[in-house]
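Every number in this text was worked out from the coordinates using simple rules, so none of it is lab data. Remember, it's a predicted structure, so these values are computed and weren't measured experimentally. So basically every Cβ, Gly included, is an ideal-geometry build from the backbone, and we count neighbours across all protein chains shown.
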Amino acid sequence: MDTALTLTNDMKLVLGLVGFTMAMFLFERIRADVVALIVLVILGLTGLVAPEELFGGFSGNAVMSIIATTILGAGLDRTGALNRLASWLLQRGHGIEQRLLLMTTGIAGLNSSFMQNPSVMALYLPVASRLAARSGLSLQRLLLPIAAAIVMGGALTMVGNSPLILLNDLLMSANNNLPSGMATLEPLRMFAPLPVGVVLIAASLLYFRFYGDKKLRDETETSVAPARTESYFASTYGIEGDVFEMTVTAESPLVGMSLGEAEAIHDAPLMLALQTGSDTRLSPPADMRIWVGSVLGVMGARQEVHDFAQNHFLRLSSRLRNFGDLFNPSRAGISEAVIPPTSRYIGKTAADLRLRKQSGISLLAINRDKKVMREDVRKVPLRAGDLLVFHSIWQDLAVAAESRDFVVVTDYPKGEQRPHKFKIAMTIFAITILIALTSKLPVSLTLMTGVAGMLLTGVLRMDEAYAAINWKTVFLMAGLIPLGWAMDSSGAAAWVAGHTVERLPEGIPVWLLEIAVALLTTAFSLVISHVGATIVMVPLAINLALAAGGNPTAFALIVALSASNNLMTASNPVISMITGPANYTSRQLWRVGGPLSLIYTCVVVLTINLMFWWTARAG
């Protein structure tokens, strides 16, 4: 490596742009995506990047892969896959906190290997809320371990996070400026970083098992589950318990009764669904009849439901064989709504309004002047200011709310949910991953094939796919990618690397340089985001490796992995998503996330060196 390079005007301009980008990201005077756009324009106007290449970032494999993984994640979300997972975790956890923590964090890490980390975290927030509401774990003890596992799991594949998606494009770009005679850098395969990811997830699980969980428990044991969870409705309205199915036998006194009559029986659980023959209804009308073989979907405490079933000759099943899709939390659930002074509902009862028959909504309780009414609520005349508790399909609730006769105050999924497409979505996802494993097609093309499959089969609509894309991330990445090219082509990266090596002590071990690069990248990621840190540091790390006699690909991979090593501040998108719901303080994040970040650095450097040593030996 020639360390006698002269600092040219182009180099000065590129380094100035890097400094400008860091300053803007640090002080947040301008939005990050706008900063990226400004940098892109300056690179074009100054000729540092040729006009025909300037917008190549928008069509690059990295950006297209990010768009595809985001849409695939949205498809899985529409089918309620993660809510099914929450139910499965609760069943398999058997109420044992450590088992539930271990299973949840481990599976979250595996999920993040094929989806963007923020997307996985967004899907796991409601999962964590449900687990917190149904177990003794607070969100503070759940969310940080889940977030850490998601960050670690992103290292399992080359599409798990934005820095790794970017890496191959940056390696290919670096080939244009390698010294003559130097072997070209090969793109990394889909599962190239797998050993690193496995060790990182194991390290995270062990860390929280023996240290992190205790630290979080000592910091605070206050439950901070969101107000609109099962625990809230249980404490406020006495609406609690699980959902069960009861099949009506020939001996049951319920045979021939209307649903309204059955609900009036003493100690009857909440009756939320009814299936008679091929007619399946959530929030069935009160005059719907119950016959032999009818299936009731009810909610209540297990013992109370068991006693009611025994007393009325009903066959009880705790598994939702008939109503699984209907009771999927992504499709239906409990909500609150306020009656405004202009409502047509004032002075009328739920029976008068025929809420279940006309709107598909079950009225479970009324909160009036801090007094909760649950008995015969269908016969209570409604007043302005009443807080109503509903159970319904979210879509039905959204349609009924358009009348403005009530105002829903609970957050709920506004988009159409398609749990019946679950098997189709999972099949498409599995085939996509199989193609990525077995073919030599570009990852972006493979992922887009999965997107096309979800669109053609109706798992997603095109407008929903557009809405799922995080355009801020797209512009941020596409705008900064040319800055990485300019770092290479102008010689700025080589100049910095050469002068850095010149000032280092003679004979410094390469592994020590790798640790320094990893720590510097982590520090950059706190300031200029993981994408910005990757784009700035990969060209620098490659040139530093060439100057010090190291492996350029190993150095570049260390940078890409270290760019996500921010478990202490909200500048990491995953951490920023959990600080509010779990009410984490900066002190908590640094005390728990700081040591884990140091472990992350040690694992990355050690495992990558072992990987490349083994590859060289095998070759």
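For the Cα atoms of the chain, what angle does the longest principal axis make with the long axis of helix 443-456, in degrees from 0 to 90, nearest 10?
Roughly 20 degrees between the two axes.
Express the relative contact order of segment 230-317 as a whole percentage, based on alpha carbon pairs under 8 Å and six or more residues apart in sequence.
41
Could you work out [θ]222 nm for the chain from helices alone, using -39500 (n - 2.57) per DSSP H run of at least four and dividing by all its residues? Round to the nearest 500 deg cm²/dmol.
One gets -18000 deg cm²/dmol as the mean residue ellipticity at 222 nm.
Identify the residues of segment 356-388 with backbone N under 14 Å of a label point that sits 7 angstrom from the Cα of Ser403 along the Cα-to-Cβ direction, or state none.
356-363, 382
If contacts are Cα pairs under 8 angstrom and at least 6 residues apart, what is the relative contact order of segment 462-560 in percent?
33
Using amide H atoms built 1.01 Å from N in the peptide plane, name the residues 5+ places from Trp291, or on other chains, whose amide H lies under 5 Å from its own.
Distant-sequence amide H within range of Trp291: Gly256.
How many nm separate the modelled label positions at Ala50 and Leu445, each set 7 Å beyond the Cα in the direction of the Cβ?
Going by the 7 Å Cα→Cβ label model, 2.3 nm.
Highest mean first, what order results for 110-121, 557-568 on Cβ atoms within 10 Å?
557-568, 110-121
Excluding residues on the same chain fewer than 8 positions from Lys357, give the lysines whose Cα lies under 18 Å from its Cα.
Partners found: Lys348, Lys379.
So in the chain, what percent of DSSP beta bridges are antiparallel if you round to the nearest 5?
Beta bridges within the chain, antiparallel portion: roughly 95 percent.
I'd like the Karplus ³J(HN,Hα) series for segment 40-48: coefficients 6.51, -1.76, 1.60, θ = phi - 60°, whole numbers in Hz, and an x wherever there's a Gly or Pro.
Ordered by residue, 3J(HN,Hα) equals 4, 5, 5, 4, x, 5, 8, x, 5 Hz.
At a Förster radius of 25 Å, what calculated FRET efficiency corresponds to the Cβ-Cβ distance of Leu519 and Lys215, to the nearest 0.05?
According to the calculation, E is roughly 0.65.
Place a label point 7 angstrom from the Cα of Trp590 along the Cα-to-Cβ direction, then list the residues of segment 554-571 whose backbone nitrogen is under 12 Å away.
Only 568-569 fall inside the zone, counting backbone N under 12 Å.
For the chain, what is the relative contact order in percent, using Cα pairs closer than 8 Å and at least 6 residues apart in sequence? Display every interim value, and only then the final one.
Details: 1044 pairs, mean separation 127.4, N = 619.
Reported relative contact order: 21 percent.
Return the label of the correct value of mean projected area of the Cα convex hull in nm², as calculated from the structure shown, out of (1) 31.6; (2) 25.9; (3) 66.6.
Only one option fits the structure, namely (1).
Amide H of Leu270: which non-local residues (sequence gap of 5 or more, or other chain) have their own amide H closer than 5 Å, using H built in the peptide plane?
Under 5 Å from the amide H of Leu270 lie the amide H atoms of Met299, each far enough along the sequence or on another chain.
Using 7 Å Cα-to-Cβ label points, what is the Glu186/Leu7 separation (nm, one decimal)?
Label-label distance for Glu186 and Leu7, simple model: 3.9 nm.
Mind ranking 473-482, 493-502 by how tightly packed they are, going by the mean number of other C-beta atoms within 10 angstrom, highest first? Don't skip to the end; give the middle numbers.
On the way: 473-482: 23.9, 493-502: 19.7.
Top to bottom by mean Cβ count within 10 Å: 473-482, 493-502.
Output the peptides 462-469, 147-154, 422-429, 509-516 sorted from most to least packed, where packing is the average of other Cβ atoms within 10 Å over each peptide's residues.
147-154, 422-429, 509-516, 462-469
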